[in-house]
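Notes for the one structure printed next.
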Amino acid sequence: MIVYKHRDWDNAYREVRNMVGYLGLPEGAAVLDVGCGMGRHALALHELGFKVTGMDLSEQLLAEARVRDAEGRVRWERGDMRSLPFADGQFDGTVNFFTSFGYFEDEADNRAVIKELRRVLKQGGRFLIDFLNPVYVQANLVPHSERTDEDTGWIIREDRRIEAGAVIKDIRIILPDGAERVYTERVRLYQLDWFERELAAAGLQLERVYGDYDGSDYDSRESKRLIMTGGVTA
């Protein structure tokens, strides 16, 4: 959790405001944030007038989200994105922000996530997947970075590499007393054509692709993001 504390909550509101406009959902629509983490984007969605459910596998991150949402504005649920704990056709829209996709080594598991997004969407429902641009990542990978958290004094070191079609990040957190915590994150480097194929197979139509939160067109070489929007196939 401390690793991503530096991400800006105000920026989350601006990102969501722009991206939700791409979906065209009416105010009051039921929206599921899949992989909601600490709830930055889910709470921003609520502020924009949506009925929001935030779901994540990590109880620790959900606990942080609930602290920030003391009023209970968002419904927080623990669940696995490969088997969403919701009824068929429950949501008007699903969103998946900041590369909360591609975690699983088995490609069948990542396909299952897309199928689940379709299952919980109503007829006419809309989806948004905000993914990294794999071409840009491979060309601009920063092998190592280090920073110190101002509040805790923790040193956070991150080493990155590309291996077997995935970007892998080894995270080492060094506490003031010298104790260390080590984590590894892995994201599959799926290309746009993979998403086009798998979305269509699941009954979802890809309509627009953006290269950043400002709505710029996607350029495979220059864009930092691969943001995809569309809807349930009629």
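The values are calculated or read from the model by the stated rules, or taken from the named source; none is laboratory data. None of these values were measured; they are calculated from a predicted model. Cβ coordinates were reconstructed from backbone atoms using ideal geometry, including for glycine residues, and neighbour counts include every protein chain displayed.
Based on this model, can you work out whether D130 counts as of a type in the set (D, E) and either in contact with a helix residue (DSSP H, G or I) (Cβ under 7 Å, 6 or more places away or on another chain) or closer than 20 Å to M38 by Cα (or both)?
yes
If you go through the range 56-79 one residue at a time, how many are under 15 Å from V95 (Cα atoms), charged (D, E, K, R) and in a loop (DSSP other than H, G, I, E, B)?
0
Within the range 156-171, identify whether any single residue is touching a residue at least 60 places away in the same chain (Cβ under 8 Å), more than 15 Å from V135 (Cβ to Cβ) and in contact with a Phe, Trp or Tyr (Cβ under 7 Å, 6 or more places away or on another chain), and answer yes or no.
Within the range 156-171 (the criterion being touching a residue at least 60 places away in the same chain (Cβ under 8 Å), more than 15 Å from V135 (Cβ to Cβ) and in contact with a Phe, Trp or Tyr (Cβ under 7 Å, 6 or more places away or on another chain)), the answer is yes, since at least one residue qualifies.
Could you grab me the full set of residues in the range 208-234 that are part of a strand (DSSP E or B) and surrounded by fewer than 14 Cβ atoms within 10 Å (Cβ to Cβ)?
D217
Got a number for residues in the range 175-234 being more than 17 Å from the chain's Cα centre (by Cα) and of a type in the set (A, V, I, L, M)?
So the answer is 10.
Write out, first by first residue and then by second, each pair whose Cβ atoms fall under 8 Å of each other, whose residues are 6+ apart or on separate chains, and whose first residue, in the range 43-64, is touching a residue at least 60 places away in the same chain (Cβ under 8 Å) while the second is surrounded by fewer than 15 Cβ atoms within 10 Å (Cβ to Cβ).
L61/M1; E64/M1
Exactly one of (1) of a type outside the set (S, T, N, Q); (2) in contact with a helix residue (DSSP H, G or I) (Cβ under 7 Å, 6 or more places away or on another chain); (3) loosely packed, with under 15 Cβ neighbours inside 10 Å is unmet by R188. Its number?
Of the numbered conditions (1) of a type outside the set (S, T, N, Q); (2) in contact with a helix residue (DSSP H, G or I) (Cβ under 7 Å, 6 or more places away or on another chain); (3) loosely packed, with under 15 Cβ neighbours inside 10 Å, the odd one out for R188 is (3).
Would you tally the residues in the range 127-153 being charged (D, E, K, R) and crowded, with 18+ Cβ neighbours inside 10 Å?
1
Checking the condition outside any loop (DSSP other than H, G, I, E, B) and either outside the structural domain of A200 (by TED's automatic domain parsing) or of a type outside the set (G, A, S) (or both), which residue from T53, T99 passes?
After applying the criteria, what remains is T53.
I want to confirm something. Restricting to the range 5-24 and keeping residues that are over 14 Å from F50 (Cα atoms) and surrounded by 15 or more Cβ atoms within 10 Å (Cβ to Cβ), which single residue is modelled with the lowest pLDDT?
Checking each candidate, the answer is A12.
Being assigned to a loop (DSSP other than H, G, I, E, B), in contact with a Leu (Cβ under 9 Å, 6 or more places away or on another chain) and not β-branched (V, I, T): is that true of Y190 here?
In short, yes.
Within the range 121-172, restricting attention to residues that are assigned to a loop (DSSP other than H, G, I, E, B) and under 14 Å from G102 (Cα atoms), which residue is nearest to the chain's Cα centre (by Cα)?
So the residue we want is N133.
Only one of (1) free of Cβ contacts under 8 Å to residues at least 12 places away in the same chain; (2) surrounded by 14 or more Cβ atoms within 10 Å (Cβ to Cβ); (3) among the β-branched types (V, I, T) fails for V67. Which number is that?
That leaves (2) as the condition not met.
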